[in-house]
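Chemist: My questions will all concern the structure given below.
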Amino acid sequence: MKKFLKTTTLLLMCSIFLAACGNLQDSTLSSGGGDSSKSTVQTTSSSDSSSYDVLLSNGKYKTSPISGLTASDNGNQFNSRSFESGLMKLSKKQFSTNSYVFQEGQVLSASTVNKWLARKSKKNPTGLNPDSNGSTAPTKRTPMYLQQLLEEDYLQKQDGKYKLAGISIGVAMNKIDYYQKKQYGATYKTTITEAEQKEQGQRIAKEIVQRLRKEDKVGNIPIVVGLYSVAPEDTLVGGNYFQYSFSKSGELGSFKDLEYKNQMLPVVNGDTAISSSDSDAFSNFKTHIQDYFPNLSGVTAQAHYDGTNLKSMDITINTQFDGLAQITSFTQFVQQSATKYLPSGADLDINIQTVDEQQAVVTRTNGKFYSHVYDAD
């Protein structure tokens, strides 16, 4: 399997920590299976009740060993963040932010997931992608349905120890499977239908839960599984979760459909806006900041919906500023403009950047703004 650097993962991790203040609490850590081994741990204390406290090990953030592992390359970097943030949103349906603390997944190992992401074969009986039928024709070959797995762990404090009390698994399913007939050759693609995504995704999810139940660390703790549709390489937005299921202690229950949608603003390729009012609001915001600061290379947004309800916007502003005074002034102006023009009920993540570097960030979570200019005293 190939492992790639996910630049947007850093933004997600930063957003977790920005929601948490510097108050740390000491305790000990125990695995879900009652492992008696101990290590010094701390948790951040979140100032936002809608965000999880984060478990730190010896004062450090602990990353998952399976982070970034994929079955094949997909050049759409927007998938990474929506895959991770979407799973955390699903987790909140079962694991309350007031009762659980968050840690990146530590149960699944890289070697295990590498085998699961590969095709099933005599040499790899645990592969979750089906064995090849031998064909290389786009419409006849057996595609690689499963692209990536993600694990998030949720812990609770019991008898002075943090114990694994819940797991969420993200199952990323290809919408288009990109492949080569020979190494370094031309790239071809097989399109996968929604019906195939659901059928194969549910099959894979049920198998994963059965395997996890055999792990001593897991046992009968609750497990959330979300099925994610990977956005194709040529789209300017990330994918979205289309179904999820919950296992309280045994097998997965029935799958529930989700109405999540993503759209690029301004709309492109003749697409119709999911919400004309949201599209108009962003257009007014874009025009306002471009009129005031003409040295902008582009202003775009990813709008994230639940049905027709706008939940959040990820906005990218490309600038040509060099001076710190310009960047600081512009950041303040962007926050003022966002307050005036953008829909008030949506969370915002506005990244101000040049081609080479991040310059500033403006966020709004639950109605509260935060801004930061990088490299400013």
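Chemist: Based on this model, can you work out whether Lys123 counts as in a helix (DSSP H, G or I), modelled with pLDDT of 95 or more and open to solvent by 50 Å² or more (accessible area, probe 1.4 Å)?
Modeler: Against the criterion (in a helix (DSSP H, G or I), modelled with pLDDT of 95 or more and open to solvent by 50 Å² or more (accessible area, probe 1.4 Å)), Lys123 does not qualify.
Chemist: Also, quick follow-up: Return the residues of the range 126-157 that are closer than 18 Å to Ile66 by Cα, in a strand (DSSP E or B) and not hydroxyl-bearing (Ser, Thr, Tyr); say none if nothing qualifies.
Modeler: Residues satisfying the conditions are Asn129, Leu146, Gln147, Gln148, Leu149, Leu150, Glu151, Glu152, Asp153.
Chemist: Mind listing whichever residues of the range 65-83 are farther than 23 Å from Thr187 by Cβ and either surrounded by fewer than 20 Cβ atoms within 10 Å (Cβ to Cβ) or free of Cβ contacts under 8 Å to residues at least 40 places away in the same chain (or both)?
Modeler: Pro65, Ser67
Chemist: A further question on this structure: Of a type outside the set (Gly, Ala, Ser), free of Cβ contacts under 8 Å to residues at least 12 places away in the same chain and more than 21 Å from Met264 (Cα to Cα): does that describe Gln336?
Modeler: yes
Chemist: Out of (1) aliphatic (A, V, I, L, M); (2) over 25 Å from His304 (Cα atoms); (3) in contact with a helix residue (DSSP H, G or I) (Cβ under 8 Å, 6 or more places away or on another chain), the odd one out for Ala360 is which?
Modeler: (2)
Chemist: I've got another one for you. Would you point out the residue of the range 64-83, among those that are touching an Asp or Glu at 6+ places or on another chain (Cβ under 8 Å) and at pLDDT below 95, that is nearest to Lys256 (Cα to Cα)?
Modeler: Ranking the candidates gives Arg81 first.
Chemist: Testing Lys311 on (1) surrounded by 12 or more Cβ atoms within 10 Å (Cβ to Cβ); (2) without any contact (Cβ under 8 Å) to a residue 40 or more places away in the chain; (3) out of contact with any Phe, Trp or Tyr (no Cβ under 7 Å at 6 or more places or on another chain), one condition comes back false. Which one is that?
Modeler: (3)
Chemist: Does Gln210 qualify as being touching an Asp or Glu at 6+ places or on another chain (Cβ under 8 Å), open to solvent by 20 Å² or more (accessible area, probe 1.4 Å) and under 19 Å from Phe255 (Cα atoms)?
Modeler: Yes, satisfied.
Chemist: Something else about it: Output the number of the condition that Asn284 fails; it satisfies all remaining conditions of (1) without any contact (Cβ under 8 Å) to a residue 40 or more places away in the chain; (2) in contact with a helix residue (DSSP H, G or I) (Cβ under 8 Å, 6 or more places away or on another chain).
Modeler: Against the list (1) without any contact (Cβ under 8 Å) to a residue 40 or more places away in the chain; (2) in contact with a helix residue (DSSP H, G or I) (Cβ under 8 Å, 6 or more places away or on another chain), Asn284 comes up short only on (1).
Chemist: Return the pair list, or none, for Cβ contacts closer than 7 Å from residues in the range 227-255 that are more than 23 Å from Lys175 (Cβ to Cβ) to residues that are among the charged types (D, E, K, R) and surrounded by fewer than 21 Cβ atoms within 10 Å (Cβ to Cβ), at least 6 apart or on different chains.
Modeler: Glu251/Lys206
Chemist: Does Asp349 count as crowded, with 19+ Cβ neighbours inside 10 Å, of a type outside the set (A, V, I, L, M), in contact with a Ser or Thr (Cβ under 6 Å, 6 or more places away or on another chain) and in a strand (DSSP E or B)?
Modeler: For Asp349, the condition - crowded, with 19+ Cβ neighbours inside 10 Å, of a type outside the set (A, V, I, L, M), in contact with a Ser or Thr (Cβ under 6 Å, 6 or more places away or on another chain) and in a strand (DSSP E or B) - is met.
Chemist: Scanning the range 57-85 for residues that are part of a loop (DSSP other than H, G, I, E, B) and among the β-branched types (Val, Ile, Thr), which turns out farthest from Thr316 (Cα to Cα)?
Modeler: Once the filter is applied, the top-ranked residue is Ile66.
Chemist: Given the structure, is Gly253 assigned by the TED database to the domain that holds Ala195 and either open to solvent by less than 20 Å² (accessible area, probe 1.4 Å) or at pLDDT below 95 (or both)?
Modeler: For Gly253, the condition - assigned by the TED database to the domain that holds Ala195 and either open to solvent by less than 20 Å² (accessible area, probe 1.4 Å) or at pLDDT below 95 (or both) - is met.
Chemist: Sticking with this structure for a sec: What is the number of the single condition among (1) crowded, with 19+ Cβ neighbours inside 10 Å; (2) part of a helix (DSSP H, G or I) that Val107 does not meet?
Modeler: Result: Val107 fails condition (2) only.
Chemist: Looking at (1) out of contact with any strand residue (DSSP E or B) (no Cβ under 8 Å at 6 or more places or on another chain); (2) open to solvent by less than 20 Å² (accessible area, probe 1.4 Å); (3) modelled with pLDDT under 95, which one does Thr319 not meet, given that it meets all the others?
Modeler: (1)
Chemist: In this structure, does Gln200 turn out to be assigned by the TED database to the domain that holds Met144 and part of a strand (DSSP E or B)?
Modeler: So Gln200 does not fit the description; no.
The values are calculated or read from the model by the stated rules, or taken from the named source; none is laboratory data. From a predicted model like this one, the values you see are computed outputs, not experimental measurements. Note: ideal-geometry Cβ built from the backbone for every residue, glycine included; neighbour counts use all protein chains shown. Ligands, DNA and RNA are stripped out before the accessible areas are found, and what is left, the full protein with its side chains, is counted by its heavy atoms. Shrake-Rupley method; radii C 1.70, N 1.55, O 1.52, S 1.80 Å.
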